[in-house]
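Please treat every number below as a calculation from the coordinates, not as lab data. This structure is a prediction, so every number in the text was calculated from the model and none was measured. Counting neighbours? That spans all protein chains shown, and the Cβs are built from the backbone with ideal geometry, glycine included.
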Amino acid sequence: MTAMPARITVLGGGVGGTLAANLLSKELGRDAKITVVDPTGMHVYQPGFLYVALGQANGRWLARDERTLLRGDVELVVEQAMSVDPDAGLVGLERGGTLEWDYLVLATGARLVYDSVPGLSEGSHEFYSLAGAQRLREELRRFRGGRIRVGIAGIPYKCPPAPVEFVFMLEEYLRHRGIRDRSEITLLSPLNRAFTIENASKVIQPFMEARGIGLTTFFNVESVDPAAGTVSSLEGEKTEYDLLVLVPPHRGQQLIDDSGLGDASGWLPTDRRSLQVGEHERIFAMGDATDLPISKSGSTAHFEAPVVASRISSLVRGTAPRTNYGGRVMCFLETGGGKATALRFDYEHPPTPPQPNRVWHAAKWMFNRLYWQTVPQGRIPERAPKERGAA
Ligand SMILES: Cc1cc2nc3c(=O)[nH]c(=O)nc-3n(C[C@H](O)[C@H](O)[C@H](O)COP(=O)(O)OP(=O)(O)OC[C@H]3O[C@@H](n4cnc5c(N)ncnc54)[C@H](O)[C@@H]3O)c2cc1C
């Protein structure tokens, strides 16, 4: 008698969920029945939002039908997951159905919560959603000069370099439009420096100074007053703006809250090495949905996926786990003028970013172009780091 295939359900068809599902299908073949659940059925390449906001790309380039990215034997259910019952091994779906699973991967990403900061929705723009990036593009087209403030309305947020990249790219954009001398750009940083990672701040701050981009430190956004055109910080400062661009606060998905699996902000308590969720031996988390103290980024999900796939495969096969996640992250950071730097680090090794140069800029463009043919399918060979003492 042959054993029944293991039922593996992946919630979320973003970077992490898609790659994990494809790797599981490759590793387990007929030994597993893999189902991806996603409410949109579309896979979105979010790094492209920056280019949309600055008029360098249109939305069509950024979204693909999720079905075309999944291996043929992976089933796609286009529906929103509403609840997880870890004990019964069930996922509740929006239209009332349920899915039974033996192993569950939570890759539901982060959600933007606009209403947690007074005045944010009415008074500011953002480039963290496709619709927001398209609105910002139109606003920038109408912009004829003035004070632009760019800030962060809550920590943690995905892609920590994005606001810094945005100010550099915006500076270039205004120069090309011939309105740079009539415009003031200021980055409002919640920290004592431009960027979370100290080494990276040391590299990029001189570039900001050279481009005349202002920096206000210790500015944790508290509220926006659209009528007065001001934004206030928890530290008690208030600044005026003509155009305000804020990264909206993030939290975990409603489903995580409703299932009682997350912390107070909806992030999943995740083991930093095995990626197991809490005490649930058959549930794994990855990408933006976790509470791990590392960047919420596509590359994080990319490097975690082989670990999740390998760990579940070991459980299905009854073998000892072979891999751990070592905290690996890799992010490009555009500094304008055709140059970029790169942040590569893991739990043990902080990044030492190179001076911005043309090679990293070219590498980012290459990655943008190759993304659809490589990352979701696992074609960029990423070995799950084999670690000492995997357990
Ligand atoms: C402007 C911008 C620039 C960025 N630039 C970079 C960059 O240069 N490099 C980089 O590495 N990262 C970058 N990122 C971050 C990157 O896009 C995210 O970190 C990455 O997409 C996270 O992957 P994920 O699989 O965890 O979540 P996502 O890719 O967000 O996917 C989550 C999926 O879960 C689905 N979902 C949500 N709720 C449910 C539910 N209830 N049931 C089922 N499915 C659900 C969603 O529909 C979505 O498809 C950027 C992000 C932004 C916004």
| said: Suppose only helical runs count, i.e. DSSP H with n ≥ 4. What mean residue ellipticity at 222 nm does that imply for the chain under -39500 (n - 2.57) per run, divided by all residues and rounded to the nearest 500 deg cm²/dmol? | reply: -8500 deg cm²/dmol
| query | Counting Lys and Arg as +1 and Asp and Glu as -1, what is the net charge of the other residues whose Cβ lies under 12 Å from the Cβ of L136? | reply | +1
| task | Count charges around R317 for me, please; just the other residues with Cβ under 12 Å from its Cβ, Lys/Arg as +1, Asp/Glu as -1. | result | 0
| remark: Of all DSSP beta bridges with both partners in segment 113-249, the antiparallel percent, nearest 5, is 30
| task | Select from the chain the helices, each a whole stretch of DSSP H, whose alpha-carbon atoms run 27 Å or more along the helix axis and whose Kyte-Doolittle mean is at least 0.0; answer none if there are none. | result | 298-317
| request: Report the chymotrypsin sites (Phe, Trp or Tyr not before Pro) located in segment 205-294 that are in a DSSP loop and have at most 12 other Cβ atoms inside 10 Å of their Cβ, or state none. | output: none
| task | Please give the contour-minus-distance gain from E75 to E235: 0.36 nm per residue of separation, less the Cα-Cα distance, rounded to one decimal in nm. | result | 52.6 nm
| request: Can you tell me the dipole magnitude for the chain around its Cα centre, using point charges on the Cβ only (Lys, Arg +1; Asp, Glu -1), in Debye to the nearest 20? | output: 1700
| What is the list of residues in segment 318-352 whose amide nitrogen lies under 17 Å from a point 7 angstrom out from the Cα of R369, following Cα to Cβ? | 338-340
| query | Kirkwood Rh over Cα pairs of segment 3-126 into Stokes-Einstein at 10 °C, 1.306 mPa s: D in µm²/s? | reply | 98
| task | Compute the FRET efficiency between I380 and E198 as 1/(1 + (r/R0)^6), taking r as their Cβ-Cβ distance and R0 = 22 Å, and round to the nearest 0.05. | result | 0.15
| Taking neighbour counts of Cβ atoms within 10 Å as a proxy for exposure, in what order, fewest first, do D181, D291 appear? | D181, D291
| field | Point-to-point label distance, D346-T98, nm (Cα→Cβ direction, 7 Å offset) | value | 4.1
| Label point distance in nm, M82-T319, each placed 7 Å from Cα along Cα→Cβ | 4.0
| message | Based only on Cα atoms, what mean projected area does the convex hull of segment 113-249 have, in nm²? | response | 7.7
| field | Total formal charge among the other residues, if their Cβ is under 13 angstrom from that of L255, Lys/Arg +1 and Asp/Glu -1 | value | -4
